[in-house]
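This report refers to the structure that appears directly beneath it.
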Amino acid sequence: MEDGGFWEEKMREEEKKRDAYGDFKNYVRERENAEYLDGEEIEEDRGWDLTDEDGDFDDFCVDTGGIFEEEEEEALFASLNESLMRQVAEELDGMADTTQGAGEEITGGKKMGKTKKVLKVIGSLLLVLVLLTVFLIGTRPGRKIVINFAAKFITVNTKHKEPGAVAVAIHPFFIADGDDKDGFTVVPMPMVTPVPEDAEKIRKEDYVKNILIFGIDQGDMDSVHAGSLNTDTIMIATLNTKDKSVKITSLLRDMYVELDDGVGRKINSIYAIGRRNNQGPELLMHTIEDYFKIDLMGYAYVKLASFEDVVDILGGVTIELGSKEANYLNTTNYITNPRNRNLKSGENHMNGNQVAGYCRIRKVETLGGATNDYGRTLRQRRVLQAIFQKYKSQSFMNLLPVTQSCLSKITTNLTEQQIAELLEMFLENGISEMDSFRLPINDSFYDSGKKGYNGITYGLVIDDIEANILYLYENLYADTPDEAKENYEALNVK
């Protein structure tokens, strides 16, 4: 039964009681009149007749002491009784509402209880995450866990090459057959020397790590630039915890070098020579160490076509071009896809194909006036800095897939332990800036020109190697001029 019907029934019952009370009052009044007429005394006290057949207690009667007439008393008591019943009914209604409200409160309480439990679980998880984040970022052991995980991630996603022995290249020679000079050319395989004789003359410091970075033009561009396997991009990436910096040093590709066989070559051909014995990176590393007396921890390289992919994975980079550069790229085949020859003077958002063409320009001056190979290496450093900035700007959600895709284009001989060491140096020292340099330095070399030097034409021959080594020590190792000189002499370089 609904609450309204319940209280209606109660009211009907109360009305029956009032009717019974009225009948009883009439009965008592008739008896009193009869007793008075018979001369009998009327009991002074009147109350509930507990022997009444009805068994009700509704015949409550109060003596007003003659203040009111009987009719007035009846009307007064009837009014009081009705008012009392109304108040009781209202009170009971209120109790019912309270009971109903209590039921709703219980139901709501159950819902609230569930909500509180869910909130407690979520709060606990958030607290755990916050504490875990604080531990992983705010403590050295925590950061070590992150670093080891990142090192594993990098190792798994890069192409790995085991370190090889150092090769010494032998120049091809011609064997004549009699006086007619008919004969054949012999190209022997490079000889292998496991450890350079002057390895102890290479500077090593715990606070400096040098990594060789180079790009291979593997000839999958077009017929003009096909098949060379030259390393037209050669850089040394340096991590220094003493001055908390990352430094990129470009090597001019036409720099003249001599291997252990005494034969002169340009440095961009060394990889291809060593590759004949599957030791291209090792021979290039050995040559740079031998010339500039610095330790190279390892190497990483990309093919030119893969370099285009890296730029595209990042969504392109913004490069500022001079009018001569833009015109040259739009009118030559350095940008291999004709649809991409649409650059302009000023800032350009360039894709991988456009950036690859830009990095190879050497006949047109750069924005700022650098020409020839100087301009080429300057462009390469600008691109690397643009890639560095674009990578840093990636959103957190996009960082992992971008990193994974970029790493798949890289080949390295760095071990997981070495990668973890580099990451720890980088993160623990808060390194975020990049500086750039170039070798050989000005006024320390000359161009051999058409005449050539030791058979190499247009080679950049270094005639003051010591000045270049001291320059590296001052900039890569953060030495003062006196410290650089002292460290150089300590190597007992002859």
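FYI, it's all coordinate maths here, none of it is from the lab. Quick caveat, the model's predicted, so the values are computed rather than measured. In this analysis, Cβ positions are derived from the backbone assuming ideal geometry, glycine residues included, and neighbour counts consider all displayed protein chains.
Annotations
- Sorted peptide list for 319-327, 371-379, criterion being average Cβ within 10 angstrom, highest first: 371-379, 319-327
- For the stretch 478-492, backbone phi angles converted through the Karplus equation (6.51, -1.76, 1.60; θ = phi - 60°) give residue-by-residue couplings of 6, 7, 6, x, 5, 5, 4, 5, 5, 5, 5, 5, 5, 7, 6 Hz, Gly and Pro being listed as x.
- Residues whose placed amide H lies under 5 Å from that of residue 203, excluding near-sequence neighbours: 294, 295
- Ranked packing of 396-405, 444-453, 265-274, most packed first, by mean Cβ within 10 Å: 265-274, 444-453, 396-405
- Inter-part distance, the stretch 443-494 to the stretch 142-157, computed on C-alpha centroids, equals 38 Å.
- Gain upon complete extension [residue 435, residue 349; 0.36 nm per residue less C-alpha separation]: 28.7 nm
- Residues whose placed amide H lies under 5 Å from that of residue 317, excluding near-sequence neighbours: 350
- Convex hull volume of the stretch 414-458 per residue (C-alpha atoms, cubic angstrom): 143 Å³
- Local electrostatic count at residue 402 - Lys and Arg +1, Asp and Glu -1, tallied over other residues with Cβ under 13 Å: +1
- FRET efficiency, residue 458 to residue 133 (Cβ-Cβ, R0 45 Å, nearest 0.05): 0.20
- The residues neighbouring residue 456, those whose beta-carbon lies less than 12 Å from its own, together hold a net charge of +1 under the Lys/Arg +1, Asp/Glu -1 convention.
- Listed values for the stretch 452-461 are Karplus-derived 3J(HN,Hα) couplings in whole Hz (6.51 cos²θ - 1.76 cosθ + 1.60, θ = phi - 60°), namely x, 9, 6, x, 10, 8, 6, x, 8, 8, and x replaces Gly and Pro.
- Phi-based couplings in Hz for the stretch 367-378 (Karplus 6.51, -1.76, 1.60; Gly and Pro marked x): 5, x, x, 6, 10, 6, 6, 4, x, 4, 5, 5
- Distance between the 7 Å Cα→Cβ label points at residue 263 and residue 363: 3.0 nm.
- Cα-Cα over 29 Å, subset of 209/451; 293/363; 159/204; 204/451; 344/392; 266/344: 209/451; 293/363; 204/451; 266/344
- A Förster radius of 35 Å, combined with the Cβ-Cβ distance separating residue 114 from residue 150, puts the computed FRET efficiency at roughly 0.30.
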